[in-house]
């Protein structure tokens, strides 16, 4: 008799727990349906809002294209046309302007057309995808390394002057090294792999090199070398140069300010 009563109590408790679980599950589903995530998905599925987003991105890309192409071409023409502007610093600036100009001419048009692509599918074939990935990577590396050279030029001119100086021959060799390094890192080495990886990733407005680290060591090694050599190391060097430049300028202001203040007071009271 006691065993039967215990079994009935256990069955009743289990039934109550299942009812509570069902109620909590229904309440949770209602909360999720009313959450911002569901609103966001509904927003993304709205054709009107998608059209507004595409139009905004297209206007932004068009503005960047016009400003980059016209502005950088003007900088290049002015430096080439005026002989007195052909300095080491302006050579670095012209290299940076050239890479940005080529990015605007060779990369942004593909991104602009891809805005109107259905489901983010690349429409220009694998060869143009490889070329687009090469140009994106190459010009990005050139811009980063050239900005590092500009930082070094300012560092030598302000901090190390007159002990060290970048002359024209050294600047030419540095620029050649920058462009060669960018070309080497931007080459599609993954095409040499026995199992080539995916060329274009759906949903991206440009082609980049997509590696599968789980199936090939080439992708991991390439990514690590690219990030360290072309981004982390230049960023560290730029931070070092600008820190020392700011430190030198601040020390020079501390040394000059008392003298100038004293001279100003003498001239004020003498009048």
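The values are calculated or read from the model by the stated rules, or taken from the named source; none is laboratory data. All figures in this text were calculated on a predicted structure; none of them were measured in a lab. All Cβ positions, glycine included, derive from the backbone under ideal geometry; neighbour counts span all protein chains shown.
Structure above, values below:
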item: In the range 113-129, the residues that are surrounded by 17 or more Cβ atoms within 10 Å (Cβ to Cβ) and in a helix (DSSP H, G or I); result: 114, 129
item: Qualifying residues in the range 238-271 (those that are surrounded by fewer than 11 Cβ atoms within 10 Å (Cβ to Cβ) and at pLDDT 65 or above) - the one farthest from the chain's Cα centre (by Cα); result: 255
item: Filter pass, residue 92 being under 22 Å from residue 148 (Cβ atoms), surrounded by 15 or more Cβ atoms within 10 Å (Cβ to Cβ), within 17 Å of the chain's Cα centre (by Cα) and touching a residue at least 40 places away in the same chain (Cβ under 8 Å); result: no
item: Single match in 180, 187, 191 (criterion: surrounded by 11 or more Cβ atoms within 10 Å (Cβ to Cβ) and at pLDDT 65 or above); result: 187
item: Filter result for residue 85 (in contact with a helix residue (DSSP H, G or I) (Cβ under 7 Å, 6 or more places away or on another chain) and either more than 29 Å from residue 183 (Cβ to Cβ) or modelled with pLDDT under 85 (or both)); result: no
item: The lone exception for residue 165 - which of (1) touching a residue at least 24 places away in the same chain (Cβ under 8 Å); (2) touching a helix residue (DSSP H, G or I) at 6+ places or on another chain (Cβ under 8 Å); (3) surrounded by fewer than 14 Cβ atoms within 10 Å (Cβ to Cβ) it fails; result: (1)
